[in-house]
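> Handing you a structure now.
What follows is calculated from the coordinates using simple rules that are stated; it is not laboratory data. Keep in mind it's a predicted model, so treat the numbers as computed, not measured. So basically every Cβ, Gly included, is an ideal-geometry build from the backbone, and we count neighbours across all protein chains shown.
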Amino acid sequence: MTQNIEQANPRWIDYNIPRSDRFSDTYYSKIDGQGETDHVFINGNNLPHRWSQPDHFTIAELGFGTGLNFLETARQWSMTWQQVATLQFISFELLPLNTDDIRRANSRWTDLQPLTEHLCQNWSIDHPGLHIKFPCNIQLDVIFGDANMLLPNLNANVDAWYLDGFSPSKNPELWNKNLMDDVYNATKSGGTFATYSVAGYVRRNLQSAGFTINRAKGFGTKREMLIGQK
Ligand SMILES: C[S@@+](CC[C@H](N)C(=O)[O-])C[C@H]1O[C@@H](n2cnc3c(N)ncnc32)[C@H](O)[C@@H]1O
C-alpha cells in the first residue's frame, strides 16, 4: 500500500545543517548537533547509565527529522551493549526527509556513517510505519503522520522520551497539552523525558500531565533545559 506522505524540503546552512522554512528553525543545534543529542537527550535521560540492566529499553521521540538523535543513541548503545538487551526506538514524523537529505544532514559525523548508511538503505515512506533492525538488538520504528493523531494508539511502555519538536513558538502542535498528556500516559512509572525547551507553556503542560520537572544546564549557549520523571 502506498500512501501520500508530504516530504520535507529543507534549506541548508553551512552546506550540511538542515533548516525548515515552514517552521523557521534548524533540525539540530548549529553549534554541534551530535553534542546536543548527547547532552540534552541521552544524558538528560540518564543514559547510557540506565542501560546497565540486561533488559528491554524503549525510547520514544517526537520528531525523527534527520535521525541524528536515533543514530547517536544507537552508536552509544552499541558501545555499551550487554549482549542480551534490546533497544526499541520509536519516533513520530510528519514530514520525512529523503535519503539524500538524511545522508547530507549527518555527513559531518564520521562515527555515525555505518549507521546512517544502514538507515538510508532501509528507508522507505511507502507505508505508514517503518521497522528497521540494526546490529546489537536495536529496533527502529518510525511512524509517519501527525503525532497528535498517532500517539494515542501507541502500544508501548516508554522508558525515556526525547521531546524534540521545532521551537514551541513555531511548532506549538508538537507541545500542546493533549499531546503531553498522551506522552505521560505512554510512559512507564519512573520513566523520564528530556527536552531542550524551557518554554513556560511546555513546562506547565508537562507538569499538569503529571511529570515531576527539573531544570538542568542547557546545551551550548542555552542556559537551561527541562528533564522530568513520571
Ligand atoms: C527539531 S526537528 C527533529 C530533529 C530530530 N530529532 C533529529 O534528530 O534530527 C522536529 C521534527 O518534528 C517534526 N514534526 C513537526 N510537527 C510534527 C507533528 N505534528 N507530528 C510529527 N512530527 C512533527 C518535523 O517535521 C521535524 O522533523
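> Just checking: which of the strands (runs of 3 or more DSSP E) contained wholly in segment 73-179 hold 3 or more residues that are in contact with an Asp or Glu (Cβ under 9 Å, 6 or more places away or on another chain) and of a type outside the set (A, V, I, L, M, F, W, C)?
So the answer is 86-93.
> So residue 123 clears everything in (1) more than 13 Å from the ligand (Cβ to nearest atom); (2) touching a residue at least 40 places away in the same chain (Cβ under 8 Å); (3) hydrophobic (A, V, I, L, M, F, W, C) except one condition, right? Which one?
The failed condition is (2).
> Determine if segment 39-57 includes at least one residue that is hydrophobic (A, V, I, L, M, F, W, C), within 11 Å of the ligand (Cβ to nearest atom) and within 18 Å of residue 109 (Cβ to Cβ).
Within segment 39-57 (the criterion being hydrophobic (A, V, I, L, M, F, W, C), within 11 Å of the ligand (Cβ to nearest atom) and within 18 Å of residue 109 (Cβ to Cβ)), the answer is yes, since at least one residue qualifies.
> How many residues, within segment 152-175, are away from the ligand (no atom under 12 Å from the Cβ) and either loosely packed, with under 14 Cβ neighbours inside 10 Å or more than 19 Å from residue 213 (Cβ to Cβ) (or both)?
The number of residues fulfilling the criteria is 7.
> Then there's this: Output the residue which, of all residues in segment 58-71 that are of a type in the set (Gly, Ala, Ser) and out of contact with any Phe, Trp or Tyr (no Cβ under 6 Å at 6 or more places or on another chain), is farthest from the ligand (Cβ to nearest atom).
Filtering segment 58-71 for residues that are of a type in the set (Gly, Ala, Ser) and out of contact with any Phe, Trp or Tyr (no Cβ under 6 Å at 6 or more places or on another chain), the one farthest from the ligand (Cβ to nearest atom) comes out as 67.
> I'd like the full set of residues that are at positive phi and touching a residue at least 40 places away in the same chain (Cβ under 8 Å), limited to segment 63-115.
Matches in segment 63-115: 63, 65, 67.
> So residue 146 ticks every box in (1) closer than 21 Å to residue 34 by Cβ; (2) out of contact with any Pro (no Cβ under 7 Å at 6 or more places or on another chain); (3) in contact (Cβ under 8 Å) with a residue 12 or more places away in the chain but one. Which box is left unticked?
(1)
> Of all residues in segment 68-123, how many are of a type in the set (Ser, Thr, Tyr) and surrounded by fewer than 19 Cβ atoms within 10 Å (Cβ to Cβ)?
As a first pass, look at segment 68-123 and keep what is of a type in the set (Ser, Thr, Tyr): 73, 78, 80, 86, 91, 99, 107, 110, 116.
Then keep just the ones that are surrounded by fewer than 19 Cβ atoms within 10 Å (Cβ to Cβ); that gives 78, 80, 86, 99, 107, 110.
Residues in segment 68-123 being of a type in the set (Ser, Thr, Tyr) and surrounded by fewer than 19 Cβ atoms within 10 Å (Cβ to Cβ): 6 in total.
> What are the pairs with Cβ atoms under 9 angstrom where one residue, in segment 25-48, is under 17 Å from residue 226 (Cα atoms) and the other, located anywhere, is assigned to a helix (DSSP H, G or I) and among the charged types (D, E, K, R)? Sequence gap at least six, or different chains.
28/36; 29/36; 37/72; 38/72; 41/72; 42/72
> Residues in segment 90-101 that are within 11 Å of the ligand (Cβ to nearest atom) and either basic (Lys, Arg) or touching a helix residue (DSSP H, G or I) at 6+ places or on another chain (Cβ under 6 Å) (or both): how many?
1
> Still on this structure, please answer the following. Filter segment 1-24 down to residues that are without any contact (Cβ under 8 Å) to a residue 60 or more places away in the chain and acidic (Asp, Glu), then give me how many there are.
2
> Would you check if residue 178 is loosely packed, with under 14 Cβ neighbours inside 10 Å and within 16 Å of the ligand (Cβ to nearest atom)? Spell out how you get there, then give the answer.
Details: loosely packed, with under 14 Cβ neighbours inside 10 Å: yes; within 16 Å of the ligand (Cβ to nearest atom): yes.
Considered against the rule, which asks whether it is loosely packed, with under 14 Cβ neighbours inside 10 Å and within 16 Å of the ligand (Cβ to nearest atom), residue 178 comes out as yes.
> In segment 180-204, what residues are under 27 Å from residue 31 (Cβ atoms), aromatic (Phe, Trp, Tyr) and in a helix (DSSP H, G or I)?
Residue satisfying the conditions is 201 alone.
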